[in-house]
Amino acid sequence: MTQQNTLGRPSIGAFMSKYGIVVIFIGMCLILSIVSPAFRSMRNVTNVIRQVSIIGIVSMGVTFCIITTGIDLSSGSMIALISVVVASLSQNSVNPDQPISVVMPIAFGIGIALILGLALGSVNGTLHAYGKIPPFIATLGMMTVARGAAALFTQGRPVGDLKDTFTFIGTGNFLNVPLPILIYIAMGILSHILLSKTKFGRHVFAIGGNEQAARICGINVRKTLVKVYAYAGFLTAVSAILLTARTSAGNPTYGVSYELDAIASTVIGGTSLSGGIGSIPFCVIGALIIGVLNNGMDLLGVNAYWQQIAKGVIIVVAVLIDARKQKRK
């Protein structure tokens, strides 16, 4: 229930409890704009959002998983595997002088990458929902398998020589806006609609709130969980395609610790590790906070080790705040 003061208006405490993460984000931007003029340049702001887009898209899928009281530790390794697959398939062309012979392998490679993401995510969901394996263990296993498969697929070597038509996805602009940012926005809108405007989204929250009650209410919990992890795999595939296109290569070493940044973005964005609570807009804010924090510390010349410590402290504080909220309930 929303806390109100004696005049019947929402209190500052209630406001901060709901929108505190937005206030913190705005405060960080204002402070960095003052101490580092380079931070507020449009070029820097664009770069921050473009860099955040990859982790941000992954964190949307992680949000779905955590709302169901699950977790996904495999997204970083899945990025590596999908990256080398899409790079290998997209570099083949029959005749470089014929545009169709260049576009078709790229379209085929992207299609296979998205299907692979859905398939790997479905395996995670099936192991959890039907195999009764805790999501922490199921996705930990997938993390190891996917990383090994990525190295095996390329013998540990990166896959380069990608066509400009493909790299345009990660480096090009549309109406002067970088394509990764537009894709990030599109995935955000799609995920928000799925989570807050559909029956599937209501089922996700119901399972996270009380799985047994959701089952009694007639919700197919197993099927919904498979869909949740499949969608997380799909979003991971989108991120892998963007990363591969931006760097003009697929690499089995990509994605190391990405799953931790995605989980951090989700938790900082207010998604409860106890399940049943979370939103995509706040998840986006959480990812932007991680991006702004990294960028600001780079501009200020903060040691990389201190950057890791700072991020760790922020994650712990976010979890403590969530724990206090749960305790009050």
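The values are calculated or read from the model by the stated rules, or taken from the named source; none is laboratory data. Note that this is a predicted model, so its numbers are computed, not measured. No Cβ is skipped: glycine too gets one built from the backbone with ideal geometry, and neighbour counts run over all protein chains shown. The protein model used for the area step is the full one, side chains on, heavy atoms only, and it has no ligands, DNA or RNA in it. Shrake-Rupley method; radii C 1.70, N 1.55, O 1.52, S 1.80 Å.
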Quiz item: With respect to the numbered conditions (1) within 11 Å of the chain's Cα centre (by Cα); (2) over 30 Å from residue 168 (Cβ atoms); (3) of a type in the set (S, T, N, Q), which one is the sole condition not fulfilled by residue 236?
Solution: (2)
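One line per residue, one yes/no per condition, for (1) within 13 Å of residue 64 (Cα to Cα); (2) small (Gly, Ala, Ser); (3) modelled with pLDDT under 95:
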residue: 224; (1), (2), (3): yes, no, no
residue: 229; (1), (2), (3): yes, no, no
residue: 247; (1), (2), (3): no, no, yes
residue: 264; (1), (2), (3): no, yes, yes
residue: 275; (1), (2), (3): yes, yes, yes
residue: 283; (1), (2), (3): yes, no, yes
residue: 292; (1), (2), (3): no, no, yes
Practice problem: Would you mind stating whether residue 296 is over 18 Å from residue 62 (Cα atoms) and touching a Leu at 6+ places or on another chain (Cβ under 9 Å)? | Solution: yes
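Do we have residue 233 as touching a strand residue (DSSP E or B) at 6+ places or on another chain (Cβ under 7 Å), in contact (Cβ under 8 Å) with a residue 12 or more places away in the chain and either open to solvent by less than 10 Å² (accessible area, probe 1.4 Å) or among the charged types (D, E, K, R) (or both) here? If you could, list the steps in order and put the result at the bottom.
Values: touching a strand residue (DSSP E or B) at 6+ places or on another chain (Cβ under 7 Å): no; in contact (Cβ under 8 Å) with a residue 12 or more places away in the chain: yes; either open to solvent by less than 10 Å² (accessible area, probe 1.4 Å) or among the charged types (D, E, K, R) (or both): yes.
No.
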Quiz item: For segment 184-214, how many residues meet the condition of being under 17 Å from residue 125 (Cα atoms) and not aliphatic (A, V, I, L, M)?
Solution: 6
Practice problem: From (1) open to solvent by 20 Å² or more (accessible area, probe 1.4 Å); (2) in a helix (DSSP H, G or I); (3) of a type outside the set (Lys, Arg); (4) at pLDDT below 90, pick out the condition that doesn't hold for residue 39. | Solution: (1)
Quiz item: Here is a list of conditions, (1) at pLDDT 95 or above; (2) of a type outside the set (S, T, N, Q); (3) on the phi > 0 side of the Ramachandran plot, and residue 119 meets all of them except one; can you say which number that is?
Solution: (3)
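Among the hydroxyl-bearing types (Ser, Thr, Tyr), surrounded by fewer than 22 Cβ atoms within 10 Å (Cβ to Cβ) and in contact with a Phe, Trp or Tyr (Cβ under 9 Å, 6 or more places away or on another chain): which single residue out of 271, 247 fits that description?
247
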Quiz item: How many residues are in a helix (DSSP H, G or I) and either among the small types (Gly, Ala, Ser) or free of Cβ contacts under 8 Å to residues at least 24 places away in the same chain (or both) when one looks only at segment 46-82?
Solution: 8
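For residues that are under 30 Å from residue 15 (Cβ atoms) and open to solvent by 10 Å² or more (accessible area, probe 1.4 Å), tally how many sit in segment 250-266. Don't jump to the end; show me each part of the working.
Here is the first cut: in segment 250-266, the ones under 30 Å from residue 15 (Cβ atoms) are 261-266.
Okay, now just the ones that are also open to solvent by 10 Å² or more (accessible area, probe 1.4 Å), so 261, 263.
Of the residues in segment 250-266, 2 are under 30 Å from residue 15 (Cβ atoms) and open to solvent by 10 Å² or more (accessible area, probe 1.4 Å).
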Practice problem: Being within 20 Å of residue 232 (Cα to Cα), surrounded by 17 or more Cβ atoms within 10 Å (Cβ to Cβ) and among the aliphatic types (A, V, I, L, M) is the filter here, so list the residues in segment 171-215 that pass it. | Solution: 181, 183, 187, 194, 195, 204, 206, 207
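Just checking, does segment 311-325 include any residue being within 21 Å of residue 46 (Cβ to Cβ), among the small types (Gly, Ala, Ser) and either at pLDDT 85 or above or surrounded by fewer than 23 Cβ atoms within 10 Å (Cβ to Cβ) (or both)? Write out each step before concluding.
Kept after step one, since they are within 21 Å of residue 46 (Cβ to Cβ), are these residues of segment 311-325: none.
So far as segment 311-325 goes, no, none of its residues is within 21 Å of residue 46 (Cβ to Cβ), among the small types (Gly, Ala, Ser) and either at pLDDT 85 or above or surrounded by fewer than 23 Cβ atoms within 10 Å (Cβ to Cβ) (or both).
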Practice problem: Please state which one of 296, 255, 276 is assigned to a loop (DSSP other than H, G, I, E, B) and in contact with a Phe, Trp or Tyr (Cβ under 7 Å, 6 or more places away or on another chain). | Solution: 276
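Among the residues of segment 130-158, which ones are open to solvent by 100 Å² or more (accessible area, probe 1.4 Å) and closer than 17 Å to residue 82 by Cα? Steps first, answer last, please.
If we filter segment 130-158 for residues that are open to solvent by 100 Å² or more (accessible area, probe 1.4 Å), which is where we start, we get 130, 132, 136, 152-153, 155, 157.
Of everything in segment 130-158, those that are open to solvent by 100 Å² or more (accessible area, probe 1.4 Å) and closer than 17 Å to residue 82 by Cα turn out to be 152, 153, 155, 157.
Is it true that residue 182 is on the phi < 0 side of the Ramachandran plot, of a type in the set (A, V, I, L, M) and touching a residue at least 60 places away in the same chain (Cβ under 8 Å)? Let's see the steps before the verdict.
Numbers: on the phi < 0 side of the Ramachandran plot: yes; of a type in the set (A, V, I, L, M): yes; touching a residue at least 60 places away in the same chain (Cβ under 8 Å): no.
Considered against the rule, which asks whether it is on the phi < 0 side of the Ramachandran plot, of a type in the set (A, V, I, L, M) and touching a residue at least 60 places away in the same chain (Cβ under 8 Å), residue 182 comes out as no.
Looking for something of a type in the set (D, E, K, R) and out of contact with any helix residue (DSSP H, G or I) (no Cβ under 7 Å at 6 or more places or on another chain) - is there at least one such residue anywhere in segment 48-66? So that I can check it myself, show each step before the final result.
Filtering segment 48-66 down to residues of a type in the set (D, E, K, R) leaves 50.
Filter again for out of contact with any helix residue (DSSP H, G or I) (no Cβ under 7 Å at 6 or more places or on another chain), leaving none.
Taking every residue of segment 48-66 in turn, none turns out to be of a type in the set (D, E, K, R) and out of contact with any helix residue (DSSP H, G or I) (no Cβ under 7 Å at 6 or more places or on another chain).
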